[in-house]
1. Out of the range 78-164, which trypsin sites (Lys or Arg not before Pro) are coil in DSSP terms and have no more than 12 other C-beta atoms within 10 Å?
2. In sequence order, what are the phi-derived ³J(HN,Hα) couplings for the range 250-255 according to the Karplus relation 6.51 cos²θ - 1.76 cosθ + 1.60 with θ = phi - 60°, rounded to whole Hz, with x for glycine and proline?
3. About the Cα centre of the range 57-184, how large is the charge dipole given +1 on each Lys and Arg Cβ and -1 on each Asp and Glu Cβ? Please answer in debye to the nearest 20.
4. Size of the dipole of the range 1-80 about the Cα centre, Lys and Arg at +1 and Asp and Glu at -1 on the beta carbon, nothing else charged, in debye to 20?
5. For a quick check: with amide H placed at 1.01 Å from N, whose amide H comes under 5 Å from Ala210's, ignoring anything fewer than 5 positions away on the same chain?
6. Along the range 97-111, what does the Karplus equation 6.51 cos²θ - 1.76 cosθ + 1.60 (θ = phi - 60°) give for ³J(HN,Hα), rounded to whole Hz, x for Gly and Pro?
7. Would you mind giving the three semi-axes, in whole Å and largest first, of the ellipsoid equivalent to the chain according to its Cα gyration tensor?
8. For a quick check: sort Glu200, Glu151, Glu208 by the number of other beta carbons within 10 angstrom, fewest at the front.
Amino acid sequence: MTRFQADFVLLFAAALWGVAFYFQKDAMAHIGPWTFIAGRSLLAVFALAPLAYFEHRKTGARDLPAGLGRISVLCGLAFLAAAFLQQEGLKTASVTNTGFLTSLYVVLTPLVAWIWSRVVPPRIAWPAIGLSFAGAWLLGGGTVGGLGAGELLVMGSALFWATHCVITGGASFYQRPLTYTALQFAVVAAVATGMALAFEGPTLAGLEAAAVPILFVGLVSTALTYTIFTIAIRHTTPPEAAVILSAESLFAAAAGAVMLGERLSPVSWVGAGLMIAAVLLVQLGPWLSRRASRAAV
C-alpha cells in the first residue's frame, strides 16, 4: 500500500465512522443502548474471529501472549462505558453535536495518558483542552445550560474513548491487533448482552426494526474500519493520520444535515471550528515542534 492509498483508506474510515452516528441515533428509536451495543459487538466478534484465528496461526505460537487477555478486558470495559454513554446521549443529542463532542477524546488522551502511565503531556495539550471546551460551550449556543443532558453524556463518553485509546496504545506491544480487537469486543458483547437481558428485555420486533443500524455499525464501522485502520496506519505518518481521521466529525455533520436536516447556528459553527482546531493543535503541535528543533540543529 502506498502512502496515498493509506491516506485515502483512512479518509474512507473517517467517513464511515462519521456516518455511523446517524445509524446509532436511528437505532435508539427501536431498542435500548445495551441491546444495540450487544448486537454491534456480537457481529464484530463473528467478523473478526476468523481473522484473529489466522493471525494467531501465522505466529506459530500455541498460546496467547501473557497479559493480552487482561489488557483486552480493560479495553473492552473502557469501550463499553464510552459506547453506553454515547448511545444514551444520542437519544436526545443531535448527530452533528455528537460527532463534534466525541472528538474531545483526542485532546483528553494526553491527560488520560498522564494519569494512566505518568507520561507527561506536551505543553500544547493544556491550551488545546481549554480551546476544545470553549468550543463545546459555543457549540451549545454559548449560553448557560446550552448543552442538554444528551450532549453532556456524549462529553462524558469522550473521557472513556480517550481511556480506550491509551489502553490500545499499550496493547500494540503484543503485535496481535486483530486478536486484541476480537477479544475486546467479545468482552463488550458478553457484558452488554447481560445488561440488555437484565434491564431492557429486547424484543424480536425491536431487533428487526434496528437491523440495518446494527448491521452497519457492527460490520462496517466496527469490524471493517478497525481492520483497514490497522493496515493503513502502518503506511503513513501518525500526524497525517490524525489530521485525516479528525474529519470524522465533519462527516457526522454532513450525515446529520443530509439525513436528518440538522443545522448549526453561526455561533455553534464557531464552536465546532474551535474544537477541530484543538484536535489539530494537540496532534500536530508536538510534531511541528520536533521538526523545528531538528531544523535548528
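1. On the way: sites: Lys91, Arg118, Arg123; in loops: Lys91, Arg118, Arg123.
Answer in residue order: Arg118, Arg123.
2. Karplus-based 3J(HN,Hα) across the range 250-255 equals 5, 5, 5, 4, 5, 5 Hz.
3. Values: 8 positive and 3 negative charges, 113 e Å.
Here the size comes out at about 540 debye.
4. Details: 7 positive and 4 negative charges, 37 e Å.
Taking the Cα centre of the range 1-80 as origin, the dipole is about 180 debye.
5. For Ala210, no residues qualify.
6. Each residue of the range 97-111 in turn: 4, 4, x, 6, 5, 5, 5, 4, 4, 5, 7, 7, 4, x, 5 Hz.
7. Working: eigenvalues 158, 145, 60 Å².
Listed largest to smallest, the semi-axes of the chain are 28, 27, 17 Å.
8. Working: Glu200 16, Glu151 21, Glu208 11.
Placing the least packed residue first, the sequence is Glu208, Glu200, Glu151.
A short reminder: the numbers here are calculations on the coordinates, not readings from a lab. All values derive from a computational prediction rather than experimental measurement. Glycine also receives a Cβ, built like all others from the backbone with ideal geometry; neighbour counts cover every protein chain displayed.
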